[in-house]
Every structure is written in C-alpha cells, then in structure tokens.
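A.B. asks: Here it is, the structure, as structure tokens.
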Amino acid sequence: MKDFLDRKLSKRFRTFDDDHNGFIEQSDFEMSVARLAEEFGHDEESSARQRLLDVCLGLWQHLLQVADTNTDERISEAEYKRAFALGLLETPEAFDQAYMPFLESIMDIVDQDSDGRLTVTDEIRWTGAMMQLSEQDAREAFRHLDKDEDGFITTHDLLEAIRAYYFDDSLDSPRYWLLGSLDS
C-alpha cells in the first residue's frame, strides 16, 4: 500500500474509532450518529436520525463482513487497511452508490434549510460532532472543498471529495484535506 493512502486510511480509521480504544465497533457508529443528531436538534424519535443510524449500521455490517478477519466483532486498524488493500473500494462508481445514501442522510440532519448546501459553520458542527474533527481542520477542509469560493459546499462536493480522498493519490489534491491534516 502506498504510504500516502496508508496515512489517509489511518486518519479515517481514527475518525471512525469514536471512543479511541484502537478498534472500530458498532458502538462507535451509534455514538457518532447520536452526537450528530443531538448537535442539530434531532431526538431519538427523529426519522432523519433513524435513517442515518440505519445507513451507518448498514455500513458497519458491510465493513465488519469484509474487514473483521478474526471475527471478534471489532475492526483493528490493520484489518481496516487490509480490507482496502484487498479491494474494499473496487471502483469510484461502486463507491458512489454506497456512499450517496450516507451523505444524503447526513444532509437530512445538517442542511436545516434544505437548500442542498452547507456553510462553513455547518461543516464545523457536523464534522466535529460526527468525526470529532477540530474546528481548525473542518475550516481547512471547507476552504479546500469550496472550489468556487461561494461560501457553500454541496452533497456533490462532499461525494467528489470523499471519492478522491480514497482514489486520488496526488499530494496537491484538495481532497487531501478532507479530514484535516494527515499529520494530526
């Protein structure tokens, strides 16, 4: 695995590992969804919250199926990286099909005015709540993702950025900054 992809996968693993115990577990997905929903005022009865939880638990089950090689119901960083090396993300097209429901369910919660766009404040709030990104990292990511500098990013911008995070290994890509600096 190329060093650059290895560093990106390490960073993404840390954003999944919500309780910082060195493993990704179902509870990590549940906690991050709860925090995000609560940040944007969605209680346990919220249909948007339930949809996001369902999508995230589906992603968790898929990840568990392909990455949990020792069947202990948790995924180590080594297992996570091995799954990617073995083709977890086969093509950008397959990636889009899997990730779009996730992004749409996040937007159902975060895009409170339903205009299909997020502000830098929205970005800071949702990435901080769901992935524990620092405000500085979220601001930097937003700056790189807002290519037309209109002060907004869209679901399409996010999908393009996430796809490029995994498939584009050029160091000058703005997608490098999706989760903040790879060195933090």
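The values are calculated or read from the model by the stated rules, or taken from the named source; none is laboratory data. Worth saying up front: this structure is predicted, and the values here are computed from it rather than measured. Reconstructed Cβ throughout: ideal geometry from the backbone, glycine too, with neighbour counts over all protein chains shown. Accessible surface areas use protein heavy atoms only, side chains included; no ligands, DNA or RNA. Shrake-Rupley method; radii C 1.70, N 1.55, O 1.52, S 1.80 Å.
A.B. asks: Where in region 77-158 are there helices (runs of 4 or more DSSP H), lying fully within it, with 2 or more residues that are at pLDDT 95 or above and under 25 Å from residue 50 (Cβ atoms)?
C.D. replies: Here the list reads 92-110, 120-131.
A.B. asks: Give just the number: which of (1) within 25 Å of residue 125 (Cα to Cα); (2) at pLDDT 95 or above; (3) outside any helix (DSSP H, G or I) does residue 72 not satisfy?
C.D. replies: With respect to (1) within 25 Å of residue 125 (Cα to Cα); (2) at pLDDT 95 or above; (3) outside any helix (DSSP H, G or I), residue 72 is out only on (1).
A.B. asks: Run residue 103 past the list (1) farther than 26 Å from residue 157 by Cα; (2) in contact with a helix residue (DSSP H, G or I) (Cβ under 6 Å, 6 or more places away or on another chain); (3) surrounded by 15 or more Cβ atoms within 10 Å (Cβ to Cβ) and report the number of the one that doesn't hold.
C.D. replies: Only one criterion is unmet by residue 103, namely (1).
A.B. asks: If you don't mind, there's one more thing I want to ask. Does region 145-167 contain any residue that is among the polar types (S, T, N, Q), closer than 24 Å to residue 64 by Cβ and out of contact with any Phe, Trp or Tyr (no Cβ under 6 Å at 6 or more places or on another chain)?
C.D. replies: Start the filter on region 145-167 by keeping residues that are among the polar types (S, T, N, Q), which leaves 154-155.
With the extra rule that they be closer than 24 Å to residue 64 by Cβ, the set shrinks to none.
Taking every residue of region 145-167 in turn, none turns out to be among the polar types (S, T, N, Q), closer than 24 Å to residue 64 by Cβ and out of contact with any Phe, Trp or Tyr (no Cβ under 6 Å at 6 or more places or on another chain).
A.B. asks: What single numbered condition from (1) in contact (Cβ under 8 Å) with a residue 24 or more places away in the chain; (2) buried (at least 18 other Cβ atoms within 10 Å of the Cβ); (3) not charged (D, E, K, R) fails to hold for residue 83?
C.D. replies: Condition not satisfied by residue 83: (1).
A.B. asks: So which residues in region 6-30 are among the charged types (D, E, K, R) and either in contact (Cβ under 8 Å) with a residue 40 or more places away in the chain or assigned to a loop (DSSP other than H, G, I, E, B) (or both)? Explain how you work it out, then say what you get.
C.D. replies: Filtering region 6-30 for residues among the charged types (D, E, K, R) gives 6-8, 11-12, 14, 17-19, 25, 28, 30.
Matches in region 6-30: 6, 7, 8, 11, 12, 17, 18, 19, 25.
A.B. asks: State whether one or more residues within region 117-128 are hydroxyl-bearing (Ser, Thr, Tyr), open to solvent by 30 Å² or more (accessible area, probe 1.4 Å), touching a residue at least 12 places away in the same chain (Cβ under 8 Å) and more than 30 Å from residue 3 (Cβ to Cβ). Explain how you work it out, then say what you get.
C.D. replies: Kept after step one, since they are hydroxyl-bearing (Ser, Thr, Tyr), are these residues of region 117-128: 119, 121, 127.
From the residues that got through so far, the ones that are open to solvent by 30 Å² or more (accessible area, probe 1.4 Å) too are 119, 121.
Of the ones still in play, those that are also touching a residue at least 12 places away in the same chain (Cβ under 8 Å) are 119.
Add one more test, that the residue is more than 30 Å from residue 3 (Cβ to Cβ), and what stays is 119.
Within region 117-128, one or more residues are hydroxyl-bearing (Ser, Thr, Tyr), open to solvent by 30 Å² or more (accessible area, probe 1.4 Å), touching a residue at least 12 places away in the same chain (Cβ under 8 Å) and more than 30 Å from residue 3 (Cβ to Cβ).
A.B. asks: What number goes with the only condition from (1) farther than 28 Å from residue 45 by Cα; (2) in contact with a Leu (Cβ under 7 Å, 6 or more places away or on another chain) that residue 140 does not pass?
C.D. replies: (2)
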